[in-house]
Amino acid sequence: MRLLHTADWHLGRPLYEKKRFAEAERFLRWLLDTIRERQVSALVVAGDVFDNGAPGNTAQELYYRFLADLKNTPCRHALVVAGNHDSPAFLHAPASVLRALSVQVVGQIARDPADDVFLWRDGDGKPEMLVAAVPYLRERDVRLSVAGENYDEQLQKFAAGVAARYAAVAEIAAQRRSELGADLSASIPIVATGHLMVAGGTAVADGSGIHDWRVGTLAGLSADIFSPVFAYVALGHLHISQTVAHRETVRYSGSPLPMTFAEAGAEKSVVLVEFTGRSSAVQKIAVPVFQPLKTVRGDLAEIARQIGECRDPTWVEVTYTGAAVLPNLAAQLRELTVGTPAEILRIKNRRPTAEPTVDETPPTLDDLSPVEVFARQLDAENIPAAQREELRRCYREILANIRKGS
Ligand SMILES: [Mn+2]
């Protein structure tokens, strides 16, 4: 059987002032076509379906219409787990209605891990796959806080809690498979999901930053938490498609659309997993570019040349590095796009100069991690260097408490 793995749709997320519903809609239509063409029978969406906990009407409409349309494809089962951007309660609310459409939603872990392990059956009612659903785990999900623990102790307990959850669902799934009898058991793969940062991953493009990195590396959340009993592990959170620790069958699908200009030009894909008995073969399927993004860098002449190369309606990020002082840079740059299909969404002024450079468009919160925002605040308040380390430490603790949900 064939399973398709995708994640990090971030429905509702704009790029600067641009809404991206048209792109999202085209992606979802492409996904339905791909499911039909490749005869996919199961779909996993590994978190961050929506960009925030209270998605707008259009984002919701796209999501529900897609799930309803899935009914008219060969896809028999779908599983959606929550990411850190999703509200577990919001995602879970329509779960009973969606179950009637063979769509399983896991916003938040069940108290009993056995309730998050699902047995999927083929059209004849014969078991075909076991799925261990694990959404994004918050600290309150996997450990009890103990007063007086320091930050690193907290991290390590959290990591141990995450590992324990994966071990628990792996054991339950393996047990349930063995109960199916030797014949069936030999041919049924177990698939797990996750939305987390595992150590060794490249480029945290999610924008959620330093904590995940610390949890992943310092606290030892490695690929070892995924039992070899899993024939495939479908991960979300990192927007760049990648394997984990060179394990072909433990993967981040990456986001289907570039979420920032930093991802401009990166190939976006979904993962097609073909199971033969318990073993799996993995193939990436490239997602078409629905809205080209381009980063352009140089002096005015170079920028003009590169903008002139745009053939399709392209969203452009410009970095000006010319020596000339251009007081009306933004206007001059926009002038260059007249009569071209390019549209400038963001301008950075990096003119080589002794004076501090000023961005024409200041960075938004999307461009900065929480720690970078805090560093700017320390600068803005002229905090003496001697006090900064202590303040940064306190700030990291506050962030950790927010992540715990307290
Ligand atoms: Mn995420």
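The values are calculated or read from the model by the stated rules, or taken from the named source; none is laboratory data. In this text the structure is predicted, and so the values were computed from the model without any measurement. Backbone-built Cβ (ideal geometry, glycine too); neighbour counts: all protein chains shown. Only protein heavy atoms, including side chains, enter the accessible area calculation; ligands, DNA and RNA are left aside. Shrake-Rupley method; radii C 1.70, N 1.55, O 1.52, S 1.80 Å.
Can Gly47 be described as among the small types (Gly, Ala, Ser) and touching a Ser or Thr at 6+ places or on another chain (Cβ under 6 Å)? Give the derivation first.
Numbers: among the small types (Gly, Ala, Ser): yes; touching a Ser or Thr at 6+ places or on another chain (Cβ under 6 Å): no.
It is false that Gly47 is among the small types (Gly, Ala, Ser) and touching a Ser or Thr at 6+ places or on another chain (Cβ under 6 Å).
For the stretch 105-137, a tally of residues being within 17 Å of His237 (Cβ to Cβ) and open to solvent by 40 Å² or more (accessible area, probe 1.4 Å) returns 1.
Restricting the stretch 124-142 to residues that are basic (Lys, Arg) and either under 24 Å from the mean Cα position of the chain (by Cα) or in the same structural domain as Ala400 (by TED's automatic domain parsing) (or both), the residue that is modelled with the lowest pLDDT is Arg140. Here the condition is being among the charged types (D, E, K, R) and either surrounded by 18 or more Cβ atoms within 10 Å (Cβ to Cβ) or within 21 Å of Arg20 (Cα to Cα) (or both); of Arg305, Arg350, Arg334, Arg346, it holds for Arg346 alone. Output the number of residues of the stretch 8-37 satisfying the condition of being surrounded by fewer than 16 Cβ atoms within 10 Å (Cβ to Cβ) and touching a strand residue (DSSP E or B) at 6+ places or on another chain (Cβ under 7 Å). Looking only at that region, the number is 2.
Gly53 passes every criterion in (1) touching a helix residue (DSSP H, G or I) at 6+ places or on another chain (Cβ under 7 Å); (2) under 26 Å from Val250 (Cβ atoms) apart from (2). When Ala186, Ala159, Ala167, Ala174 are checked against the criterion of being assigned by TED's automatic domain parsing to the domain that holds Arg278, open to solvent by 30 Å² or more (accessible area, probe 1.4 Å), part of a helix (DSSP H, G or I) and in contact with a helix residue (DSSP H, G or I) (Cβ under 8 Å, 6 or more places away or on another chain), a single residue qualifies: Ala167.
Across the stretch 381-400, which residue is modelled with the lowest pLDDT among those that are open to solvent by 90 Å² or more (accessible area, probe 1.4 Å) and closer than 11 Å to Tyr151 by Cα?
Within the stretch 381-400, the subset open to solvent by 90 Å² or more (accessible area, probe 1.4 Å) is 381-382, 386-387, 389-390, 393, 398.
From what is left, the residues that are closer than 11 Å to Tyr151 by Cα are 393, 398.
Values: Arg393: 88, Ile398: 85.
For the stretch 381-400, the residue satisfying everything is Ile398.
Only strands (runs of 3 or more DSSP E) whose full extent lies in the stretch 23-123 are considered here, and the ones with at least 2 residues that are within 16 Å of the ligand (Cβ to nearest atom) and within 17 Å of the chain's Cα centre (by Cα) are 42-46, 77-81. Of all residues in the stretch 234-290, those satisfying the criterion of being within 16 Å of the ligand (Cβ to nearest atom) and of a type in the set (A, V, I, L, M) are Ala234, Leu235, Leu238, Ile240, Val244, Leu257, Met259, Ala262.
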